[in-house]
Amino acid sequence: MKKTIGLTLLGLVLPYVSFAEDSLTTEERAQKVEHYYSVAEKAYQSGDLKKTQEALQRSLALNPQHGPSYALAIKTRQNRSKFSIQSRQRELAKVILPVVDFQDTEFRDALRDLGDLIEQTSGDKFIPNFVLVDGNGSVKTKKITLSMKQVPANVVLDYLLKMAGATAKYDQYAITVRPN
C-alpha cells in the first residue's frame with residue numbers, strides 16, 4: 001500500500017521538476033525542499049488544498065524521499081473531505097447579505113428564506129442546501145425575530161441557530177441543522 005501511494009505521489013510530482021532546479025547544490029536543494037514544505041504546511045493549516053498540493057509537488061519533485069512532505073501528502077489525501085467542508089464554510093462567510101429581516105418567523109421558514117437569500121446574493125454561486133432534521137418538531141416552529149444589514153451569511157446562520165436552540169454540521173454538499 002505504502003509503495004503504491006509513493007508511486008502515485010511521485011507520478012504526480014515528476015512532471016513539475018524544473019530544469020533550473022537541476023543545477024542546485026545539495027544545500028540549496030535542501031533549503032528549497034524545506035521552503036516548499038513550510039508553504040505546504042501553512043496552506044494545509046489554513047485549508048487551502050490547491051496550494052498545499054502545489055507546494056508538496058514542488059517539495060517532492062526536489063526530494064522524493066523527504067519524509068515530512070511525504071507524510072503531509074498522505075495526510076492531505078486522507079483529509080480531502082475536510083478541505084471541502086472548510087472551503088464550504090469559508091464560501092458561506094464570503095456571502096455578505098445586504099438585509100436580513102425576520103419578524104416572528106418560524107425557524108424552518110427563516111432557514112428556507114436564508115437559503116434563498118444566500119443563493120440570490122451569491123448569484124447562485126453558493127447553494128447552502130439546508131437540511132432540517134427535527135423529528136419531534138422542537139425547533140422548526142420556534143419563532144425568530146432578527147433584523148440585520150451588511151452581515152456575512154454564516155453570522156446570520158449562527159444567530160438563527162442560537163435563537164432556535166439548534167446546531168449545524170457542514171458536509172460537502174449540505175448543512176444539516178438539528179436541535180441541541
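Structural remarks
- Restricting attention to the stretch 40-180, the count of lysine pairs at 8 or more positions apart or across chains with alpha carbons under 22 Å apart stands at 29.
- Dividing the Cα radius of gyration of the stretch 77-120 by its Kirkwood radius returns 1.14 for Rg/Rh.
- GNM flexibility winner over the chain from Asp104, Asp48, Asp116 (Cα, springs under 10 Å): Asp104
- Candidates Leu24, Leu146, Leu72: whichever shows maximal mean-square fluctuation once the chain is modelled as a Gaussian network with Cα springs under 10 Å: Leu24
- Computed [θ] at 222 nm, helices only, for the chain once each DSSP H run of length n ≥ 4 contributes -39500 (n - 2.57): -18500 deg cm²/dmol
- Kirkwood hydrodynamic radius over Cα pairs of the stretch 88-180, then Stokes diffusion coefficient at 20 °C and 1.002 mPa s, in µm²/s: 165
- Computed over neighbours whose Cβ is under 13 Å from that of Lys42, the net charge equals -3, Lys and Arg +1, Asp and Glu -1.
- Option label - percent of Cα pairs over 26 Å apart computed here, alternatives (i) 32; (ii) 27; (iii) 48: (iii)
- Spacing of the modelled spin labels on Ser81 and Lys143, each 7 Å from Cα toward Cβ, amounts to 4.0 nm.
Taken together, the values in this text are just the output of simple stated rules run on the coordinates, not laboratory data. All values reported here derive from a predicted model rather than from experimental measurement. No Cβ is skipped: glycine too gets one built from the backbone with ideal geometry, and neighbour counts run over all protein chains shown.
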